[in-house]
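Q: Structure provided below as structure tokens; questions to follow.
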Amino acid sequence: MRSKLFSVLAMLGVLAAGTAFAEEFKPAVVYDIGSKFDKSFNEGVWNGVKKFSDETGVKVAEFQIVNETQREQAMRRLVERGATMVIAVGFSQADALDAVAADFPDRQFAIIDVSWLDRPNLRQYVFKEHEGSYLVGIAAAMASKTGKVGFVGGMDIPLIRKFHCGYLQGARAANADIEVLQAMTGTTPAAWNDPTKASELAQGQIDRGADVVYHAAGRSGIGVIQAAADAGKLAIGVDSNQNGLAPGSVLTSMLKRVDVATYETLKDGLAGTFTAGILSLGLAEDGVGWAQDEHNAGLLSDELKAAVESARADIVAGRTVVHDYMSDSACPG
């Protein structure tokens, strides 16, 4: 009886310690410029936040960046108000987060799309977007009836050229003669939040014969999807599953699992198992992929699905290596 009593008391002690730790864990997220509900990158992070809060009951403080000058100030205020973990969304926040992480070594930090910082209290996530883009490039080339497909990026930076390069390689693997048109929405962060400009660029590619247009443009990509739907053509979404934005007009979406990265970071922080370092997520880690659901089921032939899944298996097994534009600022072909 006495040993059972000690066992019960020990268990209660563990539960009490866990509850106390949970009460002390106060996470926060700083979204990038655009909208938290951009149906793309930021919203993917929010999905991870929501899943975590729904499961644990732990509230996550949130801040939406409106202009560049807010980044560091917002992070500092969150920490000063008690945040024990801050997750920054997007490479544009790297300098601000690095400065704050240096000044608060007892707090935990994480950032998405950054790998070059070096802090013992910082976790960094990068994704192999070129691998996922390769898959949707195959899908685009196989679905195209004109032999021309398009790509509309957001801000013209190496990361977005990485998406384009993977897409180009996949399209040409499926059809060596495919023509891939390319355009960028802009050269400043405003490019992530300009659906009108992105729509015009997509329409220009459609006018030149493209019948499938892939975007990697954040909230601006909504304009690409709308332009394709209005023209009776196909779009390809990015980051989150955007198939439902225009059912029957979105061939697929290249999934970038920022939701998983966010959720796992928050869970690790709550459990006391947070570790610093760089995590690189590709097809093998289910960090990227392509979306199939009821909204695009009628657009995907058995041949197309088999080709994409075969390519996926080859990349995971190392039989196919997709060139990473960011490794040398070049794209084969």
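Q: Could you identify the single residue in Leu168, Leu159, Leu135 that is touching a Cys at 6+ places or on another chain (Cβ under 7 Å) and assigned by TED's automatic domain parsing to the domain that holds Thr320?
A: Exactly one residue qualifies, and that residue is Leu168.
Q: Suppose we filter Leu304, Leu299, Leu283 for residues that are farther than 22 Å from Arg257 by Cβ and touching a strand residue (DSSP E or B) at 6+ places or on another chain (Cβ under 8 Å); which single one remains?
A: Checking each option against the conditions leaves just Leu299.
Q: Follow-up question, since we're still on this one. Where in the range 255-333 are the helices (runs of 4 or more DSSP H), entirely inside, with at least 3 residues that are in contact (Cβ under 8 Å) with a residue 40 or more places away in the chain, under 24 Å from Gly237 (Cα atoms) and more than 22 Å from the chain's Cα centre (by Cα)?
A: Once the helices (runs of 4 or more DSSP H) in the range 255-333 are filtered for at least 3 residues that are in contact (Cβ under 8 Å) with a residue 40 or more places away in the chain, under 24 Å from Gly237 (Cα atoms) and more than 22 Å from the chain's Cα centre (by Cα), what remains is 302-317.
Q: Separate question: When you scan the range 95-117, how many residues do you find that are surrounded by fewer than 19 Cβ atoms within 10 Å (Cβ to Cβ) and either assigned by TED's automatic domain parsing to the domain that holds Phe163 or not charged (D, E, K, R) (or both)?
A: Number of matching residues: 7.
Okay, residues lined up against (1) buried (at least 22 other Cβ atoms within 10 Å of the Cβ); (2) of a type outside the set (Phe, Trp, Tyr):
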site	(1), (2)
Leu234	yes, yes
Ser249	no, yes
Tyr263	no, no
Asp268	no, yes
Gly272	no, yes
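The values are calculated or read from the model by the stated rules, or taken from the named source; none is laboratory data. All values reported here derive from a predicted model rather than from experimental measurement. Positions of Cβ are backbone-derived with ideal geometry, glycine not excepted, and every protein chain shown enters the neighbour counts.
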